Amino acid sequence: MDSHEVVGNIYLLVIVTVISVLQNAFFAQKVERECKNHKSTTFERVSCANRNCMDAYPTFLAVMWCAGVCLSQAPAAFAGIIYLLVRQKYFIGYMGHTSQCIPGYLFGKRIISFLILMCIVGIFNYLLLHYYGSDYKEYVQTITGAASTLLLIP
């Protein structure tokens, strides 16, 4: 497997990761801006929203990459983009009334759960292939590709 083939297999995951880094920079800039404004209540909300987003960030990256590498890149990257949109909604909602952030939080949990399920299925398929010679990856990729569109349902 040459380097072009490896990059071809992960480019969508890399793009989602870069977008997530840019989103983190936006969140940090928002915290810094609110800190300079000296409005303690607004700063506390923005800072707390940023901290909450950063707490879930390593889990998001790990399951997105695991799902993409072990099973299928496109549905994992699609779920990653949806997660970033939901995280943005959560962050903005947290700055308003706290009840505005709950839908984003719950939707984010559902996406993380989907990615975890993809990881488990991908690892299980690898074990089936390794120990029994049965490879169901194509079938599972078709199912996860179709199931990823269900993430759009609120």
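Just so you know, all these numbers are worked out from the coordinates, no wet-lab data involved. Quantities reported herein were computed from a predicted structural model and do not represent experimental measurements. A quick note on method: Cβ atoms are made from the backbone with ideal geometry, for glycine too, and the neighbour counts reach across all protein chains shown.
Remarks
- Between 0 and 90°, nearest 10: helix 3-37 axis offset from the chain longest Cα axis: 10 degrees
- Annotation: cysteines of the chain without a disulfide-compatible partner (Cβ-Cβ under 4.7 angstrom) are CYS35, CYS48, CYS53, CYS70, CYS101.
- Karplus (6.51, -1.76, 1.60) ³J(HN,Hα), θ = phi - 60°, over region 54-71, in Hz, Gly and Pro reported as x: 6, 5, 8, 4, x, 5, 4, 4, 4, 6, 5, 5, 4, 4, x, 7, 7, 10
- Tilt relative to the chain, helix 102-132 - C-alpha long axis, 0 to 90 degrees, to 10: 20 degrees
- Low-density loop cleavage sites - chymotrypsin sites (Phe, Trp or Tyr not before Pro) in region 118-148, where at most 16 other Cβ are within 10 Å (DSSP): TYR136
- The chain - charge dipole about Cα centre, Lys and Arg +1 at Cβ, Asp and Glu -1, debye rounded to 20: 740 debye
- In plain terms, the residue of PHE26, PHE107 with the fewest other Cβ atoms within 10 Å comes first and the most crowded comes last, giving PHE26, PHE107.
- Largest-first principal axis extents of the Cα set of region 3-152 (Å): 63, 34, 23
- Lys-Lys pairs in the chain that are eight or more residues apart or on separate chains and whose Cα atoms lie under 29 Å of each other come to 7.
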